[in-house]
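Contents: one structure, followed by commentary.
Readers should treat all values here as calculations from the given coordinates under stated rules, not as data from a laboratory. Just so you know, these numbers come straight off a predicted model, no measurement behind them. Here Cβ is always computed from backbone atoms with ideal geometry, including for glycine, and neighbour counts include all displayed protein chains.
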């Protein structure tokens with residue numbers, strides 16, 4: 001990993017923290033305001049790729065662990081990691097890696113805009129939704145004792161919002177791919 | 001902008017080594033999952049809550065810090081009353097609260113510098129294996145903390161640019177410019193780091 005990759009990861013971590021500081025916005029038809037920070041996993045993977053994206057999230061999780069309120073709503077500290085939803089936070093690391101891994105393979109320079117958007121969307125859904133929930137949901141069930149089937153059922157409510165976030169993330173990923181491509185040069 | 005959750009003090013936990021605190025938190029956290037007796041868990045909660053509240057935080061601040069996690073725990077407690085049984089809901093809620101206060105106590109009694117030193121020390125074996133440089137960790141954290149205020153400022157500028165053009169602030173119009181303008185700086189930052197030989201090559 002060259003210095004530039006380290007710097008890109010660190011800058012992305014800083015971007016994710018800033019996205020947590022700005023007030024939540026309401027998007028289209030979803031009544032609940034969402035925080036821009038929750039798109040970070042998809043953004044990190046699609047924009048800086050698997051290894052750098054995962055490193056950005058390792059840095060974020062360590063900053064949470066050492067007691068900086070870097071998550072949206074000023075959350076931070078070991079109590080967040082060891083709480084019922086700590087699994088989602090750990091899941092972000094693998095989720096950004098998976099998003100990046102798929103983006104690097106599905107999206108190339110010179111593809112049509114639609115094909116690039118489709119590739120980013122597939123990568124964001126697989127990494128940013130499926131992988132994150134696959135780690136977060138069993139953790140919730142283990143920590144709280146709530147049956148796994150009920151946790152899955154409850155989590156379904158978040159899927160529409162997550163798909164909308166993936167749609168926004170691919171717009172940003174495409175903008176960066178056009179304006180300042182980083183994904184093709186893998187770390 | 002980012003204020004640490006550390007609280008000044010001289011308590012027993014403040015004086016303990018970071019490694020001992022982290023190991024203790026892990027061991028006690030796991031051990032509480034082996035206990036299913038509400039009375040024992042209630043006692044554990046009493047101990048950790050007393051520990052946390054005696055750190056000198058003040059009740060308001062102590063509560064404010066934990067509010068998001070407390071809401072989550074309360075939510076799952078209510079769900080469990082319905083889907084499991086009141087007894088099981090009580091056990092899991094008491095256990096989660098006990099762990100919560102212990103984890104928050106470790107966070108409140110450890111400075112960021114001590115944490116980072118411990119993490120760097122724990123990375124040394126990885127460096128011996130040739131996987132990474134332990135000092136890179138400290139460098140990366142320094143970079144993150146250094147650039148958060150810069151990026152927040154950049155966001156404010158983009159917000160004003162939106163207002164000047166009568167546009168409403170939407171994530172889809174702000175993420176692209178914010179990310180591109182930030183990441184474009186990576187080259188000059190990396191050059192500056194290498195020119196100063198900070199990573200020692």
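Could you work out how far apart the two model spin labels at residue B:198 and residue B:159 are, taking each label as a point 7 Å from the Cα in the direction of the beta carbon, and quote it in nm?
2.8 nm
Would you mind ranking A:88, A:57 by Cβ crowding within 10 Å, fewest neighbours first? Can you show the working numbers first?
Values: A:88 18, A:57 26.
Final ranking by Cβ density, sparse to dense: A:88, A:57.
What angle, in degrees between 0 and 90 and rounded to the nearest 10, separates the Cα long axis of helix B:134-164 from the longest principal axis of the Cα atoms of chain B?
Rounded to the nearest ten degrees, it is 70.
For chain B, what relative contact order do you get, as a whole percent, if you take Cα pairs closer than 8 Å and at least 6 residues apart? Walk me through the intermediate numbers first.
On the way: 128 pairs, mean separation 48.2, N = 201.
Taking the mean separation of contacting Cα pairs over the length of chain B, I get 24 percent.
So what's the gap between the Cα centers of region A:63-121 and region B:135-199, to the nearest angstrom?
What the calculation gives is 18 Å, centre to centre.
In peptide B:106-118, how many Cβ atoms from other protein chains are near each Cβ within 10 Å, on average?
Working: counts 6, 11, 4, 1, 4, 2, 4, 1, 1, 6, 3, 0, 1.
That average works out to 3.
Can you show me the helix-derived [θ] at 222 nm for chain B, built from DSSP H runs with n ≥ 4 at -39,500 (n - 2.57) apiece and divided by the number of residues, rounded to the nearest 500.
Values: 9 runs with 154 residues, N = 201.
Computed mean residue ellipticity for chain B: -25500 deg cm²/dmol.
Tell me, A:158, B:115 in order of fewest to most beta-carbon neighbours within 10 Å? Numbers along the way, then the final one.
Numbers: A:158 14, B:115 24.
Sorted ascending by nearby Cβ count, the order is A:158, B:115.
Could you rank the peptides B:25-32, A:39-46, A:71-78, B:150-157 by their average count of other C-beta atoms within 10 Å per residue, with the highest value first?
Details: B:25-32: 14.0, A:39-46: 31.4, A:71-78: 21.5, B:150-157: 15.6.
In decreasing order of mean packing, B:25-32, A:39-46, A:71-78, B:150-157 become A:39-46, A:71-78, B:150-157, B:25-32.
Regarding the protein assembly as shown, what are the three Cα extents along the principal axes, ordered largest first, in Å?
65, 50, 44
Restricting things to alpha carbons, find the Rg to Rh ratio for region B:132-195 using the Kirkwood radius for Rh.
On the way: Rg = 15.1 Å, Rh = 13.6 Å.
That ratio is 1.11, to two decimals.
May I ask you to derive the FRET efficiency for residue B:35 and residue B:67 from their Cβ-Cβ distance with R0 = 35 Å, giving the value to the nearest 0.05?
Values: r = 26 Å, r/R0 = 0.75.
Here the calculated transfer efficiency is 0.85.
Obtain the radius of gyration and the Kirkwood radius of region B:12-110 from its C-alpha atoms and give Rg over Rh.
On the way: Rg = 13.9 Å, Rh = 14.1 Å.
Here Rg/Rh amounts to 0.99.
What angle do you read, to the nearest 10 degrees and between 0 and 90, between the alpha-carbon axis of helix A:86-106 and the longest principal axis of chain A?
The helix A:86-106 is inclined about 20 degrees to chain A.
How far is helix B:171-183 tilted off the main Cα axis of chain B, in degrees rounded to 10, range 0 to 90?
Taking the Cα atoms of chain B, the angle to B:171-183 is about 70 degrees.
Run the numbers for residue B:3 and residue B:150: contour at 0.36 nm per residue of separation, minus the present Cα-Cα distance, in nm.
In short, 51.3 nm is gained.
Determine, from the Cβ-Cβ distance of residue B:10 and residue B:121 and an R0 of 25 Å, the FRET efficiency 1/(1 + (r/R0)^6), rounded to the nearest 0.05. Before the final figure, lay out each step's value.
Details: r = 24 Å, r/R0 = 0.96.
In this case the efficiency is close to 0.55.
Modelled label-to-label distance, residue A:164 and residue B:113, 7 Å Cα→beta-carbon offset: nm?
That separation, rounded to one decimal, is 4.6 nm.
I'd like the mean, over residues of A:135-143, of how many other protein chain beta carbons sit within 10 Å of each residue's own Cβ.
Values: counts 0, 0, 0, 0, 0, 2, 1, 1, 8.
Average neighbour count from other chains, rounded to a whole number: 1.
Just need the relative contact order of region A:34-187 here, percent rounded to a whole number, with Cα pairs under 8 Å and 6+ apart. List each step's numbers first, then the result.
Values: 235 pairs, mean separation 48.0, N = 154.
RCO, region A:34-187: 31 percent.
Based only on other Cβ atoms within 10 Å, what is the fewest-to-most ordering of B:170, A:165, B:21? Display every interim value, and only then the final one.
Working: B:170 14, A:165 26, B:21 22.
Ascending Cβ contact count within 10 Å gives the list B:170, B:21, A:165.
Suppose we look only past 23 Å in the calculated P(r) of chain B. What percent of the Cα-Cα pairs does that tail hold? Show your work: numbers first, answer last.
Values: 12864 of 20100 pairs.
So the pairs more than 23 Å apart make up 64 percent of the total in chain B.
In peptide B:14-20, how many Cβ atoms from other protein chains are near each Cβ within 10 Å, on average? Don't skip to the answer; put the middle values down first.
Details: counts 0, 0, 0, 0, 1, 0, 0.
That average works out to 0.
Using only the alpha-carbon atoms of chain A as identical scatterers, what base-10 log of I(q)/I(0) does the Debye formula give at q = 0.08, 0.14, 0.16 Å⁻¹?
For the requested q values the scattering log ratios are -0.24, -0.75, -0.98.
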